[in-house]
Amino acid sequence: MSTPPDLPHQVFRQAVEQSALAISITDTKAKILYANPAFERVTGYSQVGVVGHNESILSYQVTPKLVYQTLWAQLKRQRAWNGLLVNRRRDGSRYLADLTITPVVDAEGHTSHYLGMHRDVTEVHRLERQVQNQKAMIESVVDAAQVALCLLDEDDRVVLDNQEYKKLIGDLGREPAATLLSLLREQMGAAFDLARARRQPIHHRELRLERPGGVPRWFACAVSWFEEQDISAEAFYEPVRRHYLLLTAQDISEIKHQQEAIRLNSLSALLAEQERIQGLRETLAGAVYQLEGPLNTLSAAVRLLERRHDGNGEKTIDAAMDSALRDSRAALDTLRACMPNQTAEAIQPLNLNEVLRDVLKMSTPALLGAGVVVEWNPAPELPSVNGGATQLAALFRHLLANTIEALNERRTADHADERVIRLLTLPHPDHIEVILEDSGPGIPEEWRYKVFEPFFTTKGAERGHLGMGLTMAQETAARHGGLIDIDPAIRDGCRVRVQLPCAKGG
Ligand code: FAD
């Protein structure tokens with residue numbers, strides 16, 4: 001290669017002299033013939049003093065032999081070599097050299113010299129290692145966390161996750177982040193999109209994850225955002241920011257199930273108390289009802305006697321009859337006064353699916369005992385109704401108990417195989433309909449309305465039935481502005497329909 005005509009020879013020398021890179025020129029045995037000022041600055045060996053020494057003077061002796069063998073093999077093939085070597089300065093301190101050696105080939109094609117150029121990259125290496133160490137440290141901390149954690153890019157792709165998150169993938173069999181975020185969006189509505197647009201953190205949201213045929217799982221989720229500067233070369237002068245979503249999800253199923261069990265237990269206790277009061281009311285109402293008949297007869301007899309005996313001779317009988325009448329009325333009043341009041345309950349917006357789910361859970365032992373299968377079809381979206389949680393639970397529990405009893409009756413009549421109860425909720429524009437269907441003996445057409453009358457029973461008092469259950473259920477429905485009826489279209493079995501008005505704005 002010749003020197004360009006307009007470029008004097010000394011320019012090459014000056015360029016090498018003034019270069020910021022440590023430059024040395026050696027013979028073919030790596031004996032240094034020339035070193036520039038930057039070489040002196042980097043290595044600590046003086047430009048003049050180093051001449052005549054082998055480049056190995058810089059070797060710290062920890063670089064593997066193989067590296068040198070590769071280096072020399074490349075040079076022998078007249079190819080440039082580039083790599084990292086651990087060098088020792090004149091003062092004994094070490095540095096990492098990023099070295100490039102290029103063979104200088106003469107006109108005959110022989111290697112006459114080697115040109116070595118290197119720079120101290122200790123600091124760059126230190127920073128790289130520091131980043132790697134921090135990354136490894138963060139990953140191990142993230143992995144050790146007892147919370148599932150994942151980082152999503154702007155296209156909702158998972159770019160980082162931890163062991164707990166991986167476990168969730170195994171458990172749920174799908175991408176947990178997508179599922180949890182869609183539940184979060186469902187729960188928060190427009191607020192989620194607003195938080196996302198403004199990159200505002202979302203704190204502690206409890207999400208319920210239904211699992212077909214399994215126990216639902218609960219997660220406490222939080223979302224935060226962070227921004228990353230694009231590290232690509234093209235973004236060097238025009239920084240581009242990338243946004244990431246950090247999702248954390250803590251499994252709180254156990255605590256939720258415990259809370260649920262406690263809630264169900266207290267609901268059961270409330271229901272039991274309500275049923276006890278109801279039973280007492282039924283008994284007393286029955287007694288009052290039974291006494292009212294003879295008392296009315298007695299009162300008619302007294303009026304008759306009063307009209308017949310206007311003389312004084314019969315006064316004793318009249319007085320006795322009057323006294324009997326007064327005592328009987330007093331006894332009736334006492335009985336009525338003994339009747340316990342219906343317990344007052346707060347009226348609140350309720351989701352009937354949840355009320356029915358609770359009732360089914362509480363009735364599980366009875367259903368299992370009767371070998372009954374429940375086909376439960378809750379409407380996916382159900383507006384709320386305003387009501388008393390315990391009263392409505394008692395209503396549906398009574399209706400469910402009736403259907404179980406009906407199925408047990410049918411069993412004795414050789415229908416042991418048909419043991420299915422269908423329960424579903426249907427939203428209508430202004431009311432919610434709950435349908436409870438069984439394949440029991442059904443209710444004859446002529447009894448369709450009578451079954452709701454007080455003390456009407458198809459089973460007989462000797463079997464513990466006073467015939468007040470459906471009356472009370474109808475009363476509860478009416479108190480809630482709704483009604484219960486029996487679908488006349490069903491011939492085989494019974495279909496009870498409960499209609500309750502939707503809560504305003506629910
Ligand atoms: P050595 O005994 O010198 O050699 C180790 C192995 O290298 C041997 O087994 C042999 O196979 C091979 N080898 C050595 N010399 C030759 C040769 N002349 N021909 C063929 N194979 C050979 N080393 C550094 O540690 N730091 C530097 O900054 C550095 N800069 C260099 C710059 C130039 C321009 C050149 C040509 C070499 C440079 N070297 C540098 C390499 C250096 O010359 C030594 O090879 C190296 O330092 C190993 O030295 P050593 O005494 O441990 O082993």
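General remarks:
- His113 vs. criteria open to solvent by 40 Å² or more (accessible area, probe 1.4 Å) and in a strand (DSSP E or B): yes
- Considering the conditions (1) under 28 Å from Leu395 (Cα atoms); (2) under 13 Å from the mean Cα position of the chain (by Cα); (3) not charged (D, E, K, R), Ser266 is excluded by exactly one of them, (2).
- In this structure, Arg126 does not qualify as open to solvent by 90 Å² or more (accessible area, probe 1.4 Å), in contact with a strand residue (DSSP E or B) (Cβ under 6 Å, 6 or more places away or on another chain) and of a type in the set (D, E, K, R).
- Selected residue (criterion: farthest from Ala379 (Cα to Cα)) from residues of the stretch 342-354 that are open to solvent by 80 Å² or more (accessible area, probe 1.4 Å) and without any contact (Cβ under 8 Å) to a residue 40 or more places away in the chain: Ala344
- Of all residues in the stretch 63-82 being more than 10 Å from the ligand (Cβ to nearest atom) and over 14 Å from Leu115 (Cα atoms), the one that is least open to solvent (accessible area, probe 1.4 Å): Pro64
- Subset of the stretch 157-174 that is of a type in the set (D, E, K, R) and open to solvent by less than 80 Å² (accessible area, probe 1.4 Å) - its residue that is nearest to the chain's Cα centre (by Cα): Glu164
- Scanning the stretch 84-143 for residues that are among the β-branched types (Val, Ile, Thr), under 53 Å from the mean Cα position of the chain (by Cα) and either within 16 Å of the ligand (Cβ to nearest atom) or under 19 Å from Ala35 (Cα atoms) (or both) yields Val121, Thr122.
- For the stretch 37-62, a residue qualifies if it is more than 9 Å from the ligand (Cβ to nearest atom) and open to solvent by 70 Å² or more (accessible area, probe 1.4 Å), and the qualifying residues are Glu40, Arg41, Val48, His53, Val62.
- Tallying residues that are in a loop (DSSP other than H, G, I, E, B), among the aliphatic types (A, V, I, L, M) and within 9 Å of the ligand (Cβ to nearest atom) within the stretch 14-31 yields 1.
The values are calculated or read from the model by the stated rules, or taken from the named source; none is laboratory data. Note that the coordinates shown come from a computational prediction; the quantities given were computed from them, not determined experimentally. Glycine also receives a Cβ, built like all others from the backbone with ideal geometry; neighbour counts cover every protein chain displayed. Surface areas here come from the heavy atoms of the whole protein model, side chains and all, with no ligands, DNA or RNA. Shrake-Rupley method; radii C 1.70, N 1.55, O 1.52, S 1.80 Å.
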